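This is the structure I have questions about; it appears just below.
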Amino acid sequence: MQVAIVTGASSGIGFGCAKTLAEQGVAVLGTGRDADRLGELERVIGDPDRITTLPIDLTAEDGPRRIVETALERFGRIDFLINNAGVGSPKPLHETDDESLDYFLGLMLRAPFRLAREVIGHMRPGSAIINITST
């Protein structure tokens, strides 16, 4: 069975990706910050052999390592990484302060890079990394 990690799986596009992958027979590790919403993903998929979730802050220093370890412990392999986690509340350039910029870059650039770097050594030929981003 192929295995996918989907970040931002607690809502929106990530939730839809995780659900669709599971429907196609792929086992999914869904990550997000909201444990309750991840629990809803587990209920919707309804097959404990195809879904596990990990409530986690992707920007935490140990986040990428914990995600990869969880996927390998639970499923024994990783075939796909869908870097989807993000937030949507952009402001015009002249209204964006450095703190907001650092937060957005940390979540939507640094975290996906770090997770891809952590996972790539465990991927086999034919695997894929998909990065979904926003403005």
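The values are calculated or read from the model by the stated rules, or taken from the named source; none is laboratory data. Everything numeric here is computed off the predicted structure, so don't read it as measured data. Quick reminder, even Gly has a Cβ in these numbers, built from the backbone with ideal geometry, and neighbours come from all protein chains shown. Areas reflect the complete protein model, heavy atoms only, side chains present, ligands, DNA and RNA absent. Shrake-Rupley method; radii C 1.70, N 1.55, O 1.52, S 1.80 Å.
Arrange the residues SER127, SER134 by how much accessible surface each exposes, largest first, with a 1.4 angstrom probe.
SER134, SER127
Here's another thing I want to ask about it. Could you bin all the Cα-Cα distances of segment 25-76 into 5 Å bins starting at 0 and give me the percent of pairs in each, rounded to whole numbers?
Percent of pairs per bin, in order: 5, 21, 29, 25, 15, 4, 0.
Restrict the search to segment 1-77; then list the GluC sites (Glu not before Pro) that DSSP places in a loop and that have at most 12 other Cβ atoms within 10 Å of their Cβ.
GLU61
How large is log10 of I(q)/I(0) for the chain at q = 0.12, 0.15 Å⁻¹ when the intensity is taken from the Debye formula with one equal scatterer per alpha-carbon?
For the chain, the Cα-only Debye profile gives -0.43, -0.66.
Please determine, in degrees from 0 to 90 and to the nearest 10, the orientation of helix 35-45 with respect to the longest principal axis defined by the Cα atoms of the chain, where the helix direction is its Cα long axis.
The angle comes out near 40 degrees.
What order do LYS91, LYS19 take when sorted by accessible area (1.4 Å probe), most exposed first?
Largest to smallest exposure gives the sequence LYS91, LYS19.
Still on this structure, I have one more. I want to check the label-to-label distance for LEU101 and ASP36. Put each point 7 Å from Cα in the C-beta direction and report it in nm to one decimal.
Computed distance between label sites LEU101 and ASP36 equals 3.6 nm.
Note the full-extension length gain between ILE13 and THR133 as 0.36 nm times their separation in residues minus their Cα-Cα distance, in nm to one decimal.
42.1 nm
With each label point set 7 Å from Cα along the Cα-Cβ vector, what nm distance links ARG66 and MET1?
It works out to 2.4 nm between the two label points.
Of all the accessible heavy-atom surface of the chain, with the other protein chains kept in place and a 1.4 Å probe, what percent is carbon and sulfur?
C and S fraction of accessible area: 52 percent.
At 7 Å along Cα-to-Cβ for each site, give me the label-to-label distance between LYS91 and MET123 in nm.
3.5 nm
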